[in-house]
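Participant: After the C-alpha cells below, expect a handful of questions from me.
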Amino acid sequence: MRSLTRLTVVAAALMVLSGLIAVAPAQAAPSKDRYAVGDSVMLGARTALRARGFAVDAAVSRQAYVGPSLIRKKGSKLPQNVVVHLGTNGTFPLDTCRRLVKAAGPERRVFLVTVFVPRSWENSNNATIRQCAKSFPDGRVTVVDWNAVAQKNPSWFYQDHTHLKPTGARAFARLLNSSVDAAIARSGGTAGSGGKGAAATAPKATILGASGTAKVGLNS
C-alpha cells in the first residue's frame, strides 16, 4: 500500500508537468448531465473529461469506501449519469458497491469502471464490480471495462502501469463518454440528455470496453 501511495505521488507530479492537471481551471464544455467520481487515475483525465461535459470529483489515494457518501452528498443535484472509478488503491467490498449504486437512486444510470492496477486486489475488485452490477434491475448499472482496453495499450501508462499519460487520459475520457452515450442511445434518449423513464429497456449489467467493444468511442 505504501509503495502504491509513493507511486501515486510521483505520477501526480508527472501529470502536473505534462499539463494534465492545469494550474488554472480549464474551461469545461457545457454540462451533459454526467458526473464522474474517482481516484488519482481519473484525476489524470479530469481535463479531458471536463471537455466532454463531465463534472469530475477525483482525488489522490481515494478509497472505495467513501463512494456512497460522495454520491449521497450531491442529493437532488446528482446528474442523471453517474460514472464511478474506484478500487485502484485497495479493496472494493461488494456491500460498498451496492450501497453506492443505491445512493444514486433508481432513476439514475450508474457506470462502474473496472480497474487496471498491478496489485493483488485488481482481479477481485473487478469481479466485485461485475457482481455488483448484476445485483440491480435491467439498465440500472453498466460495467465499463477499462481493464480490458488498458491491457491492450501499455504505452498509455507511466512506469507504475496505473496512472495515465496524456494519450491514455484522452482515451480514458473517450471511453467513459462514449459508454454513457451508448447507454442513453439504448434507452431511447439523446446523447447528452437525461433520458429518464427509459433506462429499464437496456440490457442488464451491460459491459462496454470488453472483447469486441473495446473500440467504442476511442477514435472520436
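The values are calculated or read from the model by the stated rules, or taken from the named source; none is laboratory data. The structure presented is a predicted model; accordingly, all values stated were derived computationally and were not measured. A quick note on method: Cβ atoms are made from the backbone with ideal geometry, for glycine too, and the neighbour counts reach across all protein chains shown.
Participant: What is the number of the single condition among (1) surrounded by 16 or more Cβ atoms within 10 Å (Cβ to Cβ); (2) polar (S, T, N, Q); (3) touching a Phe, Trp or Tyr at 6+ places or on another chain (Cβ under 6 Å) that ASN126 does not meet?
Facilitator: Among (1) surrounded by 16 or more Cβ atoms within 10 Å (Cβ to Cβ); (2) polar (S, T, N, Q); (3) touching a Phe, Trp or Tyr at 6+ places or on another chain (Cβ under 6 Å), the lone unmet condition for ASN126 is (3).
Participant: Quick check, is ALA22 assigned to a loop (DSSP other than H, G, I, E, B), modelled with pLDDT under 95 and either crowded, with 19+ Cβ neighbours inside 10 Å or of a type in the set (A, V, I, L, M) (or both)?
Facilitator: Yes; evaluated as a whole, the condition is true for this residue.
Participant: I've got another one for you. Inside region 39-90, can you point out the residues that are of a type in the set (Asp, Glu) and either touching a residue at least 24 places away in the same chain (Cβ under 8 Å) or within 21 Å of TYR158 (Cα to Cα) (or both)?
Facilitator: Hit for region 39-90 is ASP39, nothing else.
Participant: Output the number of the condition that ASP138 fails; it satisfies all remaining conditions of (1) crowded, with 17+ Cβ neighbours inside 10 Å; (2) touching a helix residue (DSSP H, G or I) at 6+ places or on another chain (Cβ under 7 Å); (3) not aromatic (Phe, Trp, Tyr).
Facilitator: (1)
Participant: A follow-up question, please. For region 95-107, give me the residue count where each residue is surrounded by 14 or more Cβ atoms within 10 Å (Cβ to Cβ) and either touching a residue at least 60 places away in the same chain (Cβ under 8 Å) or within 15 Å of the chain's Cα centre (by Cα) (or both).
Facilitator: Qualifying residue count, region 95-107: 4.
Participant: How many residues, within region 100-123, are charged (D, E, K, R), at pLDDT 95 or above and within 18 Å of THR142 (Cβ to Cβ)?
Facilitator: 3
Participant: Hey, does region 116-124 have a residue that's touching a residue at least 24 places away in the same chain (Cβ under 8 Å), closer than 24 Å to ALA185 by Cα and either of a type in the set (Asp, Glu) or not in a helix (DSSP H, G or I) (or both)?
Facilitator: No: region 116-124 contains no residue that is touching a residue at least 24 places away in the same chain (Cβ under 8 Å), closer than 24 Å to ALA185 by Cα and either of a type in the set (Asp, Glu) or not in a helix (DSSP H, G or I) (or both).
Participant: Moving on. Note down all Cβ pairs under 6 Å where the first residue falls in region 170-181 and is in contact (Cβ under 8 Å) with a residue 24 or more places away in the chain and surrounded by fewer than 24 Cβ atoms within 10 Å (Cβ to Cβ), the second is β-branched (Val, Ile, Thr) and not in a helix (DSSP H, G or I), and they're at least six residues apart or on different chains.
Facilitator: SER178/VAL216
Participant: Please go through region 51-79 and pick out each residue that is assigned to a loop (DSSP other than H, G, I, E, B), under 22 Å from ASN177 (Cα atoms) and either out of contact with any Ser or Thr (no Cβ under 8 Å at 6 or more places or on another chain) or acidic (Asp, Glu) (or both).
Facilitator: The answer is ARG52, LEU78.
Participant: Moving to a separate point now. What residue, of VAL113, VAL144, is in contact with a His (Cβ under 7 Å, 6 or more places away or on another chain) and closer than 20 Å to THR47 by Cβ?
Facilitator: After applying the criteria, what remains is VAL113.
Participant: Go through (1) in a helix (DSSP H, G or I); (2) in contact (Cβ under 8 Å) with a residue 60 or more places away in the chain and name the single condition THR142 misses.
Facilitator: In the conditions (1) in a helix (DSSP H, G or I); (2) in contact (Cβ under 8 Å) with a residue 60 or more places away in the chain, THR142 misses (1) alone.
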